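Read-outs: derived from the displayed coordinates by stated rules, not from any lab. For clarity, every value in this text was computed on a predicted model and none was experimentally measured. Don't worry about glycine lacking a Cβ; one is built from the backbone with ideal geometry, like all the others, and counts go over all protein chains shown.
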Amino acid sequence: MNEGTALMIIDAQVHMFAPPNPVYQAEELLERLKKLLSLARASGTQVIFVQNNGSVGESDEPRTRGWLIHPELEVVMGDMVLQKAEGSAYAGNDLEKRLKQIGIKKLIIAGLQSEYCILTNCEKSIDAGFEVILVSDAHSTYDSGTQKASEIIAAINARLRNKVEMWRVDDVAI
């Protein structure tokens, strides 16, 4: 078992990958997340799925199809599944305490959305005292009114570069 390290996959829910409005490079992202998950499983690394609870009528409303963790990212016994109603996976729960109790010191973070939950959870994880590795090619978002998704992803990677380690999926060794 790869003690001390956990893979945190954030908001990889069906609605983020589904037409008519999938995130930027949705298919590529899903393949990269599957590769990370496979590496984590093979090494015995703790897996944490963070799942956003949207409001009534939103595409990630709890217990709707869009809310589910993408079925290609199969949740298995031993995985942690944490639900959140805001950007931070740490808000309103004991995640930090639970991770420290099981000896987690390092978090490998990937998922959605770059400028919201990825940025927030990298920063909150640092604040909580964890070493953070952002998988720079395994997070995504949507175009905004002023920037393309690829520009947002690059900006988030640049913003976090001096705060976290940056790995690409093909360089992940766990």
Top positive-direction residue, dipole computed over the chain with Cβ charges, set I102, H15, A138: I102
Just to be sure I follow the definition: excluding the sites themselves, where is the longest run in the chain that has none of the GluC sites (Glu not before Pro) in a DSSP loop with at most 13 other Cβ atoms within 10 Å? 87-174
Calc'd 3J(HN,Hα), region 58-74, phi into Karplus 6.51 cos²θ - 1.76 cosθ + 1.60 (θ = phi - 60°), Hz, glycine/Pro = x, comes to 7, 5, 10, 4, x, 6, 9, 4, x, 6, 5, 4, 3, x, 6, 9, 4
Over the alpha-carbon set of the chain, divide Rg by the Kirkwood Rh and report the Rg/Rh ratio to two decimals. 0.93
Suppose R0 equals 45 Å; then what is the FRET efficiency for E31 and K97 from their Cβ-Cβ distance, rounded to the nearest 0.05? 0.85
Could you pull out the longest piece of the chain with no exposed loop trypsin sites (Lys or Arg not before Pro) in it, calling a site exposed if DSSP puts it outside H, G, I, E, B and it has at most 14 other Cβ atoms within 10 Å? 1-62
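Between E58 and A154, what FRET efficiency comes out of the Förster formula 1/(1 + (r/R0)^6) with R0 = 22 Å and r the beta carbon distance, rounded to 0.05? Could you put the intermediate results ahead of the total?
Working: r = 28 Å, r/R0 = 1.26.
That gives a FRET efficiency of 0.20.
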Residue order, fewest to most surrounding Cβ atoms within 10 angstrom, among M8, M16: M16, M8
Using alpha-carbon pairs under 8 Å, 6+ residues apart, how would you state the relative contact order of the chain in percent? 27 percent
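Where does the charge balance sit around E27 when Lys and Arg score +1, Asp and Glu -1, over other residues with C-beta under 15 Å from its C-beta?
Spelling it out: positives minus negatives among the neighbours equals -1.
Using DSSP, restrict attention to beta bridges with both residues in the chain and report what percent are antiparallel, rounded to the nearest 5. Mind dumping the intermediate values first?
On the way: 1 of 26 bridges.
For the chain, the DSSP antiparallel bridge percentage is about 5.
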